[in-house]
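No lab work stands behind these numbers, since they all come straight from the coordinates. The structure displayed is predicted, hence computed values, not measured ones. Please note: Cβ atoms are built from the backbone with ideal geometry, for glycine as well, and neighbour counts cover all protein chains shown.
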Amino acid sequence: MNIANIAGQLTSTGYIVLDQPLLVSLSTQLLARCQDDGPVRFQAARIGRGQENQQINSIRSDVISWLDDTDSTDHAYFAWMELLRSGLNEALFLGLFDYECHYAIYGVGASYAKHSDVLNGNRNRILSTVYYLNEDWQASDGGQLVIFDPTGDTVIATVNPTFGTMIIFLSESVPHEVLMANTKRRSIAGWFRVRELAH
Ligand code: OGA
Ligand code: MN
């Protein structure tokens with residue numbers, strides 16, 4: 001992992017797309033964990049936290065399962081993210097404190113409307129990561145991630161959710177949207193956080 005390059009691009013453009021940052025063997029194990037008909041439990045995703053926590057299918061219609069550090073595959077993913085966390089803290093003095101992430105599966109017809117990852121109750125999210133697990137992805141499969149400039153008016157990039165692609169972006173200033181999936185779409189979404197801010 002080239003921390004200087006990641007830090008530089010986050011600073012200049014607010015996001016970076018990495019091609020195959022993880023070993024293919026780990027990605028294959030992560031894909032095996034991201035199956036809603038397997039032993040891993042998935043639940044409908046919710047928006048916001050605590051009292052604002054609600055499920056609105058028209059905005060967000062994926063199912064999720066939080067990674068479990070006691071599982072060896074999930075642990076390997078957390079270990080890579082820990083290297084990234086400590087490297088970015090050294091390079092950019094971000095004070096990133098921890099990392100949380102979940103598997104997500106979008107069924108056919110599912111999408112996630114344009115949003116910022118810093119919703120009420122999530123103000124301590126600083127950097128977002130998404131790692132894609134879709135083998136043989138085709139444009140007709142849909143589910144692209146569209147990212148916007150901070151005003152939310154202008155598209156700055158469209159990212160194909162292909163196996164082994166990772167995007168890292170600033171949680172607050174990069175509005176984004178997941179286009180409708182035409183086939184099952186698998187990913188791991190995560191957030192580096194600072195300590196809880198006072199309310
Ligand atoms: C999210 C999200 C993007 C993606 O989970 O908040 O925006 O491409 N995910 O899955
Ligand atoms: Mn998001």
So, counting K/R as plus one and D/E as minus one, what does the shell of residues with Cβ under 15 Å around GLU82 add up to? -3
Test of understanding: in a Gaussian network model of the chain with alpha carbons linked when under 10 Å, which of THR151, THR162, THR13 would top the mean-square fluctuation ranking? THR151
Dividing the helical contributions, -39500 (n - 2.57) per DSSP H run of n ≥ 4, by the residues of the chain yields a 222 nm value, nearest 500 deg cm²/dmol, of -7000 deg cm²/dmol
Calculate, in whole percent, how much of the Cα-Cα pair population of the stretch 45-199 lies beyond 21 Å. 46 percent
With contacts defined as alpha carbon pairs under 8 Å and 6 or more residues apart, what's the relative contact order of the chain in percent? 28 percent
If you take every residue apart from VAL155 with its C-beta less than 14 Å away from the C-beta of VAL155, what net charge results, scoring Lys and Arg +1 and Asp and Glu -1? -2
ASP98 to LEU23: FRET efficiency via 1/(1 + (r/R0)^6), r the Cβ-Cβ distance, R0 25 Å, to the nearest 0.05? 0.55
To the nearest 0.05, the calculated FRET efficiency linking SER72 and THR158 through their beta-carbon distance, R0 being 41 Å, is 0.75
Once ALA4 and ASP149 are pulled to full extension, the length gained, defined as 0.36 nm per residue separation minus their Cα-Cα distance, is 49.9 nm
Separation in nanometres of the label points that stand 7 Å from Cα toward Cβ, at ALA79 and ASN124: 2.6 nm
